[in-house]
Structures are given as structure tokens and as C-alpha cells.
1. Which of the numbered conditions does Phe193 fail, given that it passes all the others? Conditions: (1) out of contact with any His (no Cβ under 7 Å at 6 or more places or on another chain); (2) within 29 Å of Asp294 (Cβ to Cβ).
2. So, Gly200, is that one closer than 19 Å to Gln368 by Cα and crowded, with 20+ Cβ neighbours inside 10 Å or not?
3. So in segment 88-97, with the set limited to residues that are out of contact with any Gly (no Cβ under 8 Å at 6 or more places or on another chain) and surrounded by fewer than 19 Cβ atoms within 10 Å (Cβ to Cβ), which one is nearest to Leu11 (Cα to Cα)?
4. Name the residue, out of Arg106, Arg125, that is in contact (Cβ under 8 Å) with a residue 60 or more places away in the chain and of a type in the set (Lys, Arg).
5. Out of the residues in segment 167-185 that are among the β-branched types (Val, Ile, Thr) and over 23 Å from Glu354 (Cβ atoms), which is surrounded by the fewest Cβ atoms within 10 Å (Cβ to Cβ)?
6. So which strands (runs of 3 or more DSSP E) stay within segment 299-345 end to end and still have 1 or more residues that are among the small types (Gly, Ala, Ser) and touching a helix residue (DSSP H, G or I) at 6+ places or on another chain (Cβ under 9 Å)?
7. Restricting to segment 98-146, name every residue that is surrounded by 15 or more Cβ atoms within 10 Å (Cβ to Cβ) and within 30 Å of Asp272 (Cβ to Cβ).
8. Considering only residues that are surrounded by fewer than 18 Cβ atoms within 10 Å (Cβ to Cβ) and under 23 Å from the mean Cα position of the chain (by Cα), which ones fall in segment 229-253?
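Please treat every number below as a calculation from the coordinates, not as lab data. Every value quoted in this text rests on a predicted model; they were computed, and no experiment measured them. Here the Cβ is made from the backbone with ideal geometry for all residues, glycine too, and neighbour counts use every protein chain on show.
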Amino acid sequence: MVRIIAYGVALVAVIHGLIHLMGWVAYWPLREVSELPYKTSLLGGRWEVGAAGMRMFSGLWLLVAVGFVIGGVLLFLGKPAWAPLTLAAALLSLLLCILDWRVAFRGALIDMVLLVVLGVVFGLRGQPQAFPAYSAPASPVTTDPLPDGLPAPVERFYRLIHGDAVPVYTSAVMSGRGTIRFMGVVMPARLRFTHDSGQGYRHYIEATFWGYPVFKVNERYLDGKGWMQLPFGVVENDPGVDSAANQGLWAETFLYPAYLVTDPRVRWEAVDSDTAKMFVPFGEGEQEFTVDFDPGTGMLIRYETLRHRDDKQGVIRWWGDFTYEPDANGDPQLSTVSATWEDEGTPWLVMKVEQVVFNTEVSQYIRQMGP
């Protein structure tokens with residue numbers, strides 16, 4: 001549906017641009033256009049600009065036409081540059097139509113519709129302010145030796161990021177900003193994930209418009225039970241939700257992967273030189289992840305699992321991707337994580353991690369509502 005709307009807006013922009021060519025032709029003048037009779041004054045005859053002024057006016061009609069056509073084509077191709085270009089064209093077009101209101105007022109109405117659409121687009125592009133920094137006291141982080149017997153790509157990864165000793169984390173509060181897709185619309189969001197490591201979590205997410213929250217998600221996974229407060233109601237007492245929540249807990253633990261080799265319940269198995277299987281506890285059994293590592297850098301780049309989404313589809317392939325940026329020393333530092341359902345093909349959630357606090361007391365915070 002969103003794509004169809006985008007194509008419709010692109011078509012309107014292109015047609016509106018082609019109509020603006022009539023103003024260029026009529027006011028240069030290159031030929032007579034009955035809908036736009038030639039004149040040398042604007043504002044209903046109150047502003048005399050002469051022939052030279054009308055040529056300048058005509059040139060602006062041509063400029064707007066080019067802007068709308070290129071903007072429409074860029075939107076059709078899915079290029080984000082369409083929005084600022086179309087905004088500039090619509091604002092200039094509105095000015096021209098006001099100056100020539102008697103014959104161009106219909107164009108002004110189209111411009112205003114496009115400006116409303118662009119207001120929505122830019123409202124969905126702006127990032128919200130970050131959550132206030134989490135400031136509860138944190139305990140010192142100790143280390144354990146990197147365990148023996150890890151599959152080759154797993155050991156290589158941990159030695160790259162931690163060396164021979166890995167930090168021991170008991171909790172983590174991870175905050176950041178990014179996007180979340182809701183009913184097909186990608187919205188800016190700010191997110192905070194609170195972990196009692198390996199045991200449970202709380203998610204608090206605000207999707208925003210022009211930086212203001214328009215809906216909030218409170219979600220918890222505690223004592224093996226999932227609970228979600230969504231815009232359309234509360235979901236709880238659902239075994240499928242419990243299963244998906246446990247996978248979400250361990251998938252998010254990749255954001256501080258040291259825990260995945262310090263918890264003895266986590267098992268790793270070799271697949272090949274760049275892939276391993278990870279098995280995590282769930283109830284009386286286990287859940288399985290396939291974990292991929294970059295063959296060049298050795299960094300962890302993707303996890304994948306079969307995850308429950310709804311009762312109609314059961315389990316479906318679900319994965320997360322990681323990107324890295326060099327830190328002050330030139331070493332790779334986790335930057336962005338995304339999550340994707342196979343049938344959607346593009347991430348429904350993207351998060352740039354901006355703050356992580358480890359080994360802080362979360363027993364009360366993980367059960368409350370809000371940021």
C-alpha cells in the first residue's frame with residue numbers, strides 16, 4: 001500500500017511538472033496557450049513587470065517543471081533525494097501560482113496537497129532526541145578466560161574483540177535510535193532494551209513523528225513469559241510469544257556477545273570456517289541460531305533462526321545483521337543492528353546503539369513502564 005501511494009505521488013509530481021511547462025511556453029512566449037494568456041503584469045494586474053520580467057517568470061516555471069519531473073522520477077526509483085527536490089519545487093510553484101492566481105489557482109491547490117505529503121515524509125525522517133542517559137550505578141566488570149573448545153570462527157571473533165579474557169556481564173541497559181516499521185510505515189524510533197542477562201528483558205520503544213511520540217511499545221520477558229503492551233492491546237499467555245521472546249533475548253545478547261561464552265548453558269557447534277550453530281536454553285529444551293562471521297574481518301555479521309510471529313504462519317525465518325564502524329584506535333566497533341522477517345525482505349527494525357551500561361541493578365527497572 002505504501003508503495004502504491006508513493007507511485008501515485010510520483011505520478012502527480014510528474015504531471016504537475018509537465019503542466020508547468022505550459023507556463024514556460026505561454027510567458028516566454030513561445031506560443032499562445034488559451035488557459036494562460038500572455039500578459040506583462042502579475043497579481044491580477046497590480047504588479048507590472050514588463051516583457052523582461054515575464055521572461056524571468058517564464059524561466060521559473062521551467063525550473064519548477066524540471067524539479068517536479070526529476071523529483072517524481074527519483075521517488076519512483078526509491079531515491080530519498082526526491083523529497084527535498086520536490087519540496088523546493090512545490091514551494092516555488094506555490095509562489096508562482098499565487099502571483100498568477102486567476103489562472104493558476106488549481107496548481108496552488110496541488111502544491112498544497114504535495115506540501116502536506118512532504119510534511120508527513122519529513123516528519124517520518126527526523127530522528128527523535130535520545131533518551132536521557134541511564135545513570136544508575138554500575139558494578140565493576142570482571143573477566144573470565146576465553147573458554148576452550150569453541151568453533152574456529154567463534155574463537156577467532158572473541159579473540160579479535162576481547163583477547164584471551166572476556167568480560168562477565170550480569171545485566172545490560174542498551175539505548176539507541178533508529179527506525180521501526182508499523183503497518184507498512186517506517187517510523188523514526190528511540191529504543192531502550194534492559195537485560196537481566198540470560199534471564200529476561202524489558203523493551204521500551206517510542207515511534208515518533210516530527211520527534212514526538214505517536215505510539216509506544218512496552219514489552220517484557222520475565223520468568224519465561226512474554227508480555228507486550230502494543231497500540232492495539234496487550235498480548236500475554238501465549239506460548240508462541242514466549243518462544244519468540246526467548247529468541248529475542250538471546251538475539252539482543254549479540255549486542256554484548258561476551259555473555260554468550262560466559263553462560264555455561266549456551267552451546268556452540270562448528271559448521272564451517274565462517275559459520276557456527278549456537279544453542280540457547282528455552283524451558284526444558286533449546287533453541288537454535290545459525291551465526292555467520294565475515295570471512296575477511298572475522299567479525300560477527302548475522303544471526304538467523306526460525307521464530308514464531310503469529311498463529312497463521314507459525315515459525316518463519318528471521319535474522320539480524322550487524323554493521324561496524326572503526327573506533328578511535330581503528331578497531332571495529334558495533335554500530336547498527338537490524339532485524340528482518342524473511343517474507344518482508346527489508347528490516348522491520350534498525351537500531352544504532354548509542355549507550356550501553358553493564359552490571360547495573362535492573363531488578364526493579366526491568367519491571368516498570370516507560371523509559
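1. (1)
2. Details: closer than 19 Å to Gln368 by Cα: yes; crowded, with 20+ Cβ neighbours inside 10 Å: yes.
So Gly200 fits the description; yes.
3. Among them, the one singled out is Leu91.
4. Details: Arg106 fails: in contact (Cβ under 8 Å) with a residue 60 or more places away in the chain.
From the options Arg106, Arg125, the qualifying one is Arg125.
5. Quick first cut of segment 167-185, residues among the β-branched types (Val, Ile, Thr) only: 168, 170, 173, 179-180, 185.
Okay, now just the ones that are also over 23 Å from Glu354 (Cβ atoms), so 168, 185.
Details: Val168: 16, Val185: 14.
Residue satisfying both the conditions and the ranking: Val185.
6. Details: elements: 300-310, 314-326, 332-341.
Ranges flagged: 314-326, 332-341.
7. Leu146
8. Passing the criteria: Gln229, Leu230, Pro231, Phe232.
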